[in-house]
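Take a look at the structure below.
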Amino acid sequence: MSRKHILLSILIVGIIALSIYGIGKLILFFRVDACLDKGGRWNYKLNICETVENGISESNTSYYWHIAEDTILNKEYLIKGALLDSIAHSSAELIGVLNKRDAKCKIEYLGQMGDTIHIRILNDEVLTEQMGSTGSFCHLGETVFTLTEIDSIKFVQIDMEQGSHASPGVYTRAGFKELEKE
């Protein structure tokens with residue numbers, strides 16, 4: 001075999017190897033892109049798309065309004081989750097996301113009348129007695145801001161037992177102005 005044939009054979013094998021490698025990278029690119037388009041997050045370690053349906057780690061904070069702490073000013077403030085707009089703004093879905101928070105008190109949907117959603121806090125003693133005033137206030141702020149992402153909802157009526165740190169009532173975003181970042 002001549003030297004020209006050997007070089008041509010090496011070149012062909014190289015092109016085939018690069019094509020196989022490139023096709024694999026291209027397939028991965030399209031899988032990641034499709035994941036991001038549907039509001040998910042690509043987990044490169046597990047090589048899977050993480051969405052609300054299959055359970056994102058980190059308490060799903062990307063899907064609801066959540067508290068961040070400014071350690072310099074020693075202040076808490078609400079941040080809109082980066083992926084909140086990527087999910088349907090239905091009361092069932094938003095309550096489902098909120099119920100994935102680490103807190104032991106969960107939310108039960110009771111109904112909606114006009115611009116008011118009516119919910120109940122389950123295991124409310126955790127919220128009213130165990131979280132402290134700031135913890136309860138922040139938890140309620142997350143809940144109210146997230147549920148009022150639904151265009152038709154302006155008020156959140158919350159049923160729970162009266163406690164030291166939280167009480168039942170009708171809440172709006174205006175009641176949590178001090179949690180808004182300036």
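The values are calculated or read from the model by the stated rules, or taken from the named source; none is laboratory data. Computed from a predicted structure; not experimentally measured. Methodologically, a virtual Cβ is constructed for each residue, glycine included, from the backbone with ideal geometry; neighbour enumeration extends over all protein chains shown. Keep in mind that these areas ignore ligands, DNA and RNA; they rest on the heavy atoms of the full protein, side chains included. Shrake-Rupley method; radii C 1.70, N 1.55, O 1.52, S 1.80 Å.
Observations, loosely collected:
- Cross-link partners of residue 104 among aspartates and glutamates (Cα-Cα below 20 Å; sequence separation of 8 or more within a chain): 58, 93, 124, 125, 129, 142, 159, 161
- Phi-based couplings in Hz for the range 26-42 (Karplus 6.51, -1.76, 1.60; Gly and Pro marked x): 5, 4, 4, 4, 5, 5, 5, 4, 5, 4, 5, 4, 8, x, x, 9, 7
- Across the range 91-139, the convex hull enclosing all Cα atoms gives 79 Å³ per residue.
- Taking θ as phi - 60° and the Karplus parameters 6.51, -1.76 and 1.60, the scalar couplings of the range 126-136 work out to 4, 5, 7, 10, 10, 8, x, 5, 5, x, 5 Hz in sequence order, x denoting glycine and proline.
- Modelled spin labels at residue 19 and residue 109, positioned 7 Å past Cα toward Cβ, are 5.2 nm from each other.
- Two-decimal log10 I(q)/I(0) for the range 62-160, as the Debye equation yields it once each C-alpha is a single scatterer, q = 0.12, 0.13, 0.16, 0.17 Å⁻¹: -0.37, -0.44, -0.67, -0.75
- Backbone phi angles across the range 68-82, fed through the Karplus curve with coefficients 6.51, -1.76 and 1.60 (θ = phi - 60°), yield HN-Hα couplings of 10, 10, 9, 6, 6, 8, 6, 9, 9, 8, 8, 10, 6, x, 4 Hz in residue order; Gly and Pro are listed as x.
- Euclidean distance between Cα centres, the range 66-90 to the range 131-166, Å: 14
- Residues whose placed amide H lies under 5 Å from that of residue 89, excluding near-sequence neighbours: none
- Modelled FRET efficiency - R0 45 Å, residue 154 with residue 70, Cβ distances, 0.05 increments: 0.95
- Reciprocal of mean inverse Cα separation for the range 131-179 (Kirkwood radius, Å): 11.1
- For the range 79-178, the relative contact order comes to 25 percent (Cα pairs under 8 Å, sequence separation of at least 6).
- For the range 54-182, the dipole from Cβ point charges (+1 on Lys and Arg, -1 on Asp and Glu) about the Cα centre works out to 100 debye, to the nearest 20.
- Residue ranges 154-166, 132-144, 16-28 sort as 132-144, 154-166, 16-28 when ordered by packing (mean number of other C-beta atoms within 10 Å per residue, highest first).
- Farthest toward the positive end of the dipole of the chain, out of 39, 98, 111, is the Cα of 39, where the dipole comes from beta carbon charges about the Cα centre.
- The chain: relative contact order in percent, alpha carbon pairs under 8 Å with at least 6 residues between: 15
- Förster-model FRET efficiency, 30 Å R0, residue 86 and residue 120, C-beta, rounded to 0.05: 0.60
- Per residue value of the accessible surface for the chain (all protein chains in place, 1.4 Å probe), Å²: 61
- Convex hull volume of the C-alpha atoms in the chain, normalised per residue: 163 Å³.
- For the listed peptides 84-94, 66-76, a ranking on the average number of other beta carbons within 10 Å per residue, highest first, reads 84-94, 66-76.
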